[in-house]
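Before any comments, here is the structure.
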Amino acid sequence: MEIIMSVAIGFLFMAAVYLMLSKSLIRIIIGTGLLSHGAHLLLLTMGGLGGNSPPVVAEGVSVSDYADPLPQALILTAIVISFAVTSFFLVLAYRSYQELGTDNMDLLRGTEDYE
Amino acid sequence: MSFVFLIFLPLLAALFIPLLFKKVGKIHTGWFVLIVPVILFIYYASLLPTTIAGGNLVSEFQWIPSLDIAFVAYIDGLSLLFTLLITGIGALVVLYSIFYLDKHREQLHNFYVYLLMFMTAMLGIVQSDHLITLYLFWELTSISSFLLIGYWYTRDRSRFGALKSMMITVFGGLMMLGGFVLLSIMGNTYSIRELIPQAPQLATHDFFIWALVLVLLGAFTKSAQFPFYIWLPDAMEAPTPVSAYLHSATMVKAGLYLVARLTPVFAISGTWMWLVAGVGLFTMFWGSFFALKQKDLKGILAFSTVSQLGLIMSLLGASAAGYHIDNIAETTFKYAGFAAIFHLINHAVFKGSLFMIAGIIDHETGTRDIRKLGGLMSLMPISFTVAMIGAFSMAGLPPFGGFLSKEMFLTAMLSLTEFDLFSMDVWGVLFPIVAWLGSVFTFIYSFYFVFHTFAGEHKPDQLPKPAHEAPIGMLISPVFLALLVIVIFFIPNIVGDWLVKPAVMAIQPFLYSSPGEVDVHVSAWHGFNTELFMTLGIFAVGGLMFWTLHKWQRSYDRFPDSVSLNALYDNLMFLSDTGANRFSKLYMTGFIRSYLVYMFSFVVIIVLGTLFLTEAFAYDVTNLAPIGFYEIVILIALIGSTLTILFSKSRLTAIIALGAVGYSVALFFVIFRAPDLALTQLVIETISVALFLLAFYHLPQISRKEERMRFRLGNAVIALGVGVTMTLVALSAHSQKFLPSISEFYKETVYSEAGGGNIVNVILVDYRGFDTLFEIAVLGIAGIGIITMIKLRLTKKEGQHENK
Amino acid sequence: MRTNDVMLQTATKVVTFIILMFAVHIFFAGHYTPGGGFVGGLLTTSAIVLLMLAFDIETVKKILPLNYVTMTAVGLLLALATASASIIFDVPFFTHAYDYFELPLFGKTSLHSALLFDIGVYLVVVGVTMTIIQTIGEDE
């Protein structure tokens, strides 16, 4: 399963990077969203997908049976952060679209004579 | 009593200053500030009996125990002397500033916060026994000096001066840090007290000379020695109380303090003696020579400060000779260390009063240009008297304190001709000659300062304001200092016993075991000897040259500005500015895509490179989780919706497909036994989709018509590279584990140690609570950012005035 | 966002409370079973978002007159205060304390200072997500 997951993660990353490199603002934002999904799955897979029981202390479950809690804690933090960042991007995108009237990244660059 | 905390008292008081300024506007904020240095002065003065007896006090506060970094306040004669100068002159300066800075027009809260911050920094420098905290406070003085010079930040000259002082002193500070690190490597300790006994071993170490030079760079930049002095004249843009305090009495003396403090460590070396005494003496001559070129009152004082600092520096260098002489009490070498400290006190006193007078003249006449001033004697009699006392002391005339220390300076310089080590026997004769020349120019500029301002013809038409005497409050501090100048002349040996000798003991601890053994008796009259004739020569030649000043002062203008040190600084700044700009423009294209391409390519190169170099490619098929039916179904959904995003032409489809990806990930979390994650991901995904739909209204349509095939192909190659890299990383990370995971510890101790059952949540709030704390801080920042972007509505037109 | 869907509105009135109750439960249960500040906070937010969808922002603001920015600030302060409280007891930053008590009605209950920290997290999560949604929603 881990090997299949690794390939799927690579695929998610590939799609995310491809979207982020495009010129359209909204594709870039969707790309960052995909990138964080890929990163979460990567963390989970790195820790191993084994474990027969969720990492919650229960009667009659030996310590080695719990799934690895550390990647889960890291992912939980990452999920919330990526939500905040995505919404920040979203607002940044539509505000700049409102102000500048374009979503083409090639046109959204500082002028030559900035100091 | 743990007096180490007293260092932070001013900083603590600074917290309340803005509040007092805003709420108690009727009373000048300075009155509240004044309390701090007065309390500190009284407390520290009560420690005097300890140091007079040759004792010392230590108080410690652990800061970062794991790195062996602590605040260690060490009070001996030297640090107590500086501490008293900082708090005493500080109190007078604050008092003076109350009348100098208008409470309605000035931003007093800024001013006093910076000033108090400086006070803490300075106390920290002179009391720290720990090299790293000493460096910390050292840089803090640079920063507070930067802020104070730039206090009137709307003026170009202020900002220029602030930046220049910052550049030069921070450069020196960083060099000094290097020196400190080398010292700590050699001596295996950060404590100066522990380094001193190791001095003989240190001197044989390879790093010794490097440490010496680096530390001296720090001291020379701070104390405005040649060729680094150029920041000090430009620092005169600061309000005059600041010039009086930082740029004459205290901060610029931090370099002297450092040299004095580390003399026991380095003095064995001939390089030290030559560098300190040589650079100091040359600076003394250079500063006094160019002081006469200045037209600005504070400019004259700045150059005079440079010169006087050089004088003290050279004396400290000369005091190193004591380490190579047997039976120092019988020789004239004993005078150098004493003279250095004694002159340091005198200089702080008379230069403080002179700066305050320059401020008064500026305040009451509206100009500091000496060409427009003159004849103020009858209009400002008290200021004139104070200025005369200060200047005469600086010139070395009796009956003022400066006369005594100037005599001892000459004695010390003469003694160097008898020194027979380090080829001093050949070159030593230069020292008294240069010292004598410097003293002549000192004499001239002192007279120039007083008589071109107060004597001569009054030119009321050239003054922006009609001149009159300053208010009484403003005069208190300079008059007090002027009185001290005279008092010191009459009781030099009390000053010597109380302040100077304990400090000398800190500079030359190997030579004396108690302050009483410093066998120096100060007297105004010591017979017809070489020093007396030199002094008479200074008066005669100086007087004559001052008389004819108007004839030869113009020749200063022949020095071209384009080859000066200032021009060198300007060119260096300009070159590094344009050079850096040109270099960064090479790769800073302004296209976000370029930056992403850099980042992703580097990720691929570095990660693949590391994997390749460490032969970390691994492919382990044992210990795999079984492949189930549900997993495959979810995987297909995941890949399908990702593909939908890639090829969709409508933004709505893309957003919904993104939601589908999120839900598939949540299902994966369910399958891989991560209930917390699954819950969170489900809720977040729902809210995210709602959010996207809310913002939908404002968002542009997806357009791809501008993207050419080659562009897309290039992107695809990079994307594929990143994808493959990540797959390899995931595989090799899963396949090899070198270290046991800390998870085992969490699993085992979650109930017994942390009293919880849900391991993930306990990790979040307990084991790794720091992460969570920062995470919610990031959340808060993102929220504030969004409010700012939407609610503040900075449109293009409004946004532009900021930088214009 | 002005809708007039009676079905949705009636259902929402009930469902919101169910979600809210579930949020509170999952928040307090977080230390022993799946849940905690993050999930609890997000569920609370989703309940409020549901209300907003069914009615409209103005109505919801009237029902729940909360300043979400203040809420965020209070949450952050609470979290920081809990973390730093350990300094007073001369143990390293972020050391938690807990004990078990016999309380009437609840029986044997554990009181844990981590709960206070989690309340901080909860408040920040609700505060920030609601701030984001509300500001975007109000922006026209």
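All of the numbers you see were taken from the coordinates with simple rules; none came from a lab. Given the structure is predicted, the values throughout are model-derived calculations rather than measurements. Please note: Cβ atoms are built from the backbone with ideal geometry, for glycine as well, and neighbour counts cover all protein chains shown.
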Problem set entry | DSSP beta bridge pairing in the protein assembly as shown, given as percent antiparallel to the nearest 5 | 95
For this session: Between B:Glu418 and B:Glu469, with labels modelled 7 Å along Cα→Cβ, what's the label distance in nm to one decimal, could you check?
Result: 5.0
For this session: Excluding residues on the same chain fewer than 8 positions from B:Lys334, give the lysines whose Cα lies under 19 Å from its Cα.
Result: B:Lys406, B:Lys501
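What is the dipole size for segment A:18-115, taken about its Cα centre, with +1 at each Lys and Arg Cβ and -1 at each Asp and Glu Cβ, in debye to the nearest 20?
Value, rounded to 20: 220 debye.
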Problem set entry | segment B:484-599: radius of gyration and largest Cα-Cα distance (Dmax), Å | 29.3, 83
Exercise. Taking the Cα atoms only, what angle lies between the long axis of helix B:108-127 and the longest principal axis of chain B, rounded to 10 degrees?
Worked result: 80
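Would you kindly state how much longer the chain becomes between B:Val429 and B:Leu575 on full extension, computed as 0.36 nm times their sequence separation minus their alpha carbon distance, in nm to one decimal?
Length difference between fully extended and current span is 48.4 nm.
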For this session: Towards the positive end of the charge dipole of segment B:102-210, with charges on Cβ (+1 Lys, Arg; -1 Asp, Glu), say which of B:Asn110, B:Leu140, B:Leu183 has the farthest Cα.
Result: B:Asn110
Exercise. Given only helices, namely DSSP H runs of n ≥ 4 each adding -39500 (n - 2.57), what is the per-residue ellipticity at 222 nm of chain B, to the nearest 500 deg cm²/dmol?
Worked result: -22000 deg cm²/dmol
Exercise. Once Lys and Arg get +1 and Asp and Glu get -1 on their Cβ, which of B:Ile606, B:Gly579, B:Thr622 lies farthest toward the positive end of the dipole of segment B:577-665?
Worked result: B:Gly579
Problem set entry | Alpha-carbon Debye profile of the protein assembly as shown, log10 I(q)/I(0) at 0.04, 0.05, 0.08 Å⁻¹ | -0.30, -0.46, -0.96
Exercise. Under a plain spin-label model, where a point goes 7 Å from the Cα along Cα-to-Cβ, how far apart in nm are B:Ser555 and B:Ile627?
Worked result: 9.6
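Over all directions, average the projected area of the Cα convex hull of chain B and note it in nm².
Taking the Cα atoms of chain B, their convex hull projects to 45.4 nm² on average.
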Problem set entry | Evaluated over chain A, the Cα radius of gyration and Dmax, each in Å | 19.6, 70
For this session: Provide the per-residue ³J(HN,Hα) series for segment B:41-53, in order, calculated from phi with Karplus coefficients 6.51, -1.76, 1.60 and θ = phi - 60°, each as a whole number of Hz, with x at glycine and proline positions.
Result: 4, 5, 4, 5, 4, 5, 8, 3, x, 4, 6, 4, 7
Exercise. Between rounded, prolate and oblate, where does segment B:592-757 land on the alpha carbon gyration tensor, with a ≥ b ≥ c its root eigenvalues, rounded for a/c under 1.5, else prolate if a/b exceeds b/c?
Worked result: oblate
Exercise. Summing Lys, Arg as +1 and Asp, Glu as -1, what charge do residues with Cβ under 13 Å from the Cβ of B:Tyr512 carry, B:Tyr512 excluded?
Worked result: -1
For this session: Pick out, from C:Leu66, C:Val6, C:Tyr122, the residue whose Cα sits farthest towards the positive end of the charge dipole of segment C:6-138, with +1 on the Cβ of Lys and Arg and -1 on the Cβ of Asp and Glu.
Result: C:Val6
Exercise. Taking amide H positions as placed 1.01 Å from N in the peptide plane, with prolines and chain starts having none, which residues 5 or more places from B:Asn758, or on another chain, fall under 5 Å of its amide H?
Worked result: A:Val57, C:Tyr32, C:Thr33
Seminar exercise, completed: Restricting to lysines and to Cα separations under 17 Å from B:Lys372, and discarding same-chain partners fewer than 8 apart, the set is B:Lys293, B:Lys295, B:Lys298, B:Lys459, B:Lys465
Exercise. Is there a pair in B:Lys103/B:Lys791; B:Lys22/B:Lys351; B:Lys26/B:Lys164; B:Lys164/B:Lys585; B:Lys26/B:Lys222; B:Lys22/B:Lys222 whose C-alpha atoms are over 31 Å apart, and which pairs would that be?
Worked result: B:Lys103/B:Lys791; B:Lys22/B:Lys351; B:Lys26/B:Lys164; B:Lys26/B:Lys222; B:Lys22/B:Lys222
Problem set entry | 12 Å beta-carbon shell around A:Ile29, net charge (K/R +1, D/E -1) | +1
